[in-house]
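Okay, so here's the structure we're looking at.
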Amino acid sequence: MERQARYGVGEQSFEVMRGRDCVYIDKTRYIEDIIKSGGQYFFLGRPRRFGKSLFLSTLKNFFMGKRELFRGLYADTMDWDWEPYPVLYLDLNVGYYSKPENLDERLSATLRNWEDQYGLEHVDSEPSIRMESIIKKLYEKTGKGVVILVDEYDKPLVHNLNNPDLFEKFREKLASFYSNFKSSADYIRLVFLTGVSRFGHLTIFSGLNNIADISFDDRYSAICGISEKELKENFKEGIAAIAKKYNKSHDEICRQLKEWYDGYRFSPFGDDMYKPFSIVSVMDAEVFRNFWIWSGQATLLVNQLKRFNVDLEALLHTECTIDSLMGLDLDDPNPEALFYQTGYLTIKKYDPNFDILTLGLPNKEVTDGFMNFLMPKYVRLHT
């Protein structure tokens, strides 16, 4: 019998996922939470391959008023007029940032696309001034606040932590570009940024003192990833196919999935979450494998290993505060924060009496990757 379920492995477009009838975990109730919160600026940090881009794409289509894509989802039941807002979507995950001009080229190309998309006059100026002009003109043209979505806002910085000169050039450029989010507040409906890390020294976070960092917020702990309930409700066909292939029961396969891919926790009282990329990959391939490690290296962590002089074994069972995980000091990076933000460590326990988190490896997939990939690399750098 031909398999019916489609899993969209690696797909990050909400429109494509819905158009191809791929299995989609409905996270749209969080859109209602964001709207009802009354907030204007949001930041979400999660490890790579955890669904940040897909959620941002969902936000994009929601504010563009594409209600037909949301039929059957929670958002379709919301009290919402579905009138389109002007949406500016910046994806910094695309491209390489090895030369000073790379970021300018990426920003300029995106700005030109926005001007063409909304029928605005091209402005011949540097990106920050051009961005300011686009925001104001869109507000004046449509009468609606502009929605700004930035995917992987920190990628040019992450890829140049070992290149101080280029890092500083990109930091200044991004700080100037993002400063429009504060100065143009009267014309903005929503700003939502995603990334791996909240860089403490980047002006956007010091300038936007009212930005809501929801990365450790219990209310948003399941905004990305797959819960136990979501796994069993949305992947029945996949679980049944794997059980048949291995001649095992449904419960045996669920226990195996839990051992391999569950165990992530992103807030003190949040539920454990499965990594979505790994789950859709195992459902598609019908084999248990370390999909995450081989889908790409954790560049931020790998580039910083040589700066550490820590006991990795002790690090795997460390205690710390939430504050120590929230920011990233680029001059003296915190190993616990880097391992957490890149997905090698997660919250295992929380002691509310002392406000202390216990960190540990989340699951078999990450443990195998740590022992077979990171540990040997770290040992070579320090011998």
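The values are calculated or read from the model by the stated rules, or taken from the named source; none is laboratory data. These numbers were taken from a predicted model, which means no experiment stands behind them. Don't worry about glycine lacking a Cβ; one is built from the backbone with ideal geometry, like all the others, and counts go over all protein chains shown. These area figures cover heavy atoms from the full protein model, side chains too; ligands, DNA and RNA do not enter into them. Shrake-Rupley method; radii C 1.70, N 1.55, O 1.52, S 1.80 Å.
Treating r as the C-beta distance of E252 and K144 and R0 as 51 Å, the FRET efficiency rounds to 0.45.
Rounded, prolate or oblate: which fits the stretch 217-295, taking a ≥ b ≥ c as square roots of the Cα gyration tensor eigenvalues, rounded meaning a/c under 1.5, else prolate when a/b beats b/c? Numbers along the way, then the final one.
Details: a/c = 2.32, a/b = 1.69, b/c = 1.37.
Prolate shape, in that a/c is at least 1.5 and a/b is the bigger ratio.
Of the whole protein surface, C224 contributes about 0 Å² of accessible area at a 1.4 Å probe radius. Counting only residues at least eight positions apart within a chain, or on another chain, the lysines with an alpha carbon under 17 Å from that of K52 are K27, K60, K155, K275.
Taking the Cα centre as origin and putting +1 on Lys and Arg beta-carbons and -1 on Asp and Glu beta-carbons, what dipole magnitude results for the chain, to the nearest 20 debye?
Numbers: 49 positive and 57 negative charges, 167 e Å.
Using Cβ point charges on Lys, Arg, Asp and Glu, the chain gives about 800 debye.
Amide H contacts of D154 (H built 1.01 Å from N, in plane; Pro and chain starts excluded): V196 sit under 5 Å, all sequence-distant by 5 or more or on other chains.
Split the chain at each of the GluC sites (Glu not before Pro) in a DSSP loop with at most 11 other beta carbon atoms within 10 Å, and the longest piece is 122-383. Averaging the sequence gap over all C-alpha pairs within less than 8 Å and six or more residues apart, then dividing by the number of residues, gives the stretch 1-160 a relative contact order of 24 percent. Within the chain, the longest segment free of exposed loop sites, counting chymotrypsin sites (Phe, Trp or Tyr not before Pro) that fall outside DSSP classes H, G, I, E and B and have at most 12 other Cβ atoms within 10 Å, spans 97-268.
Excluding ligands, DNA and RNA, what is the solvent-accessible area per residue of the chain at a probe of 1.4 Å, expressed in Å²?
Numbers: 17240 Å² over 383 residues.
Averaged over the residues of the chain, the accessible area is 45 Å².
Using the Cβ-Cβ distance between Y118 and K66 with R0 set to 25 Å, the FRET efficiency works out to roughly 0.90.
With the full set of protein chains in place, find how many percent of the accessible area of the chain is carbon and sulfur; take the probe as 1.4 Å.
Roughly 46 percent of what the probe reaches on the chain is carbon or sulfur.
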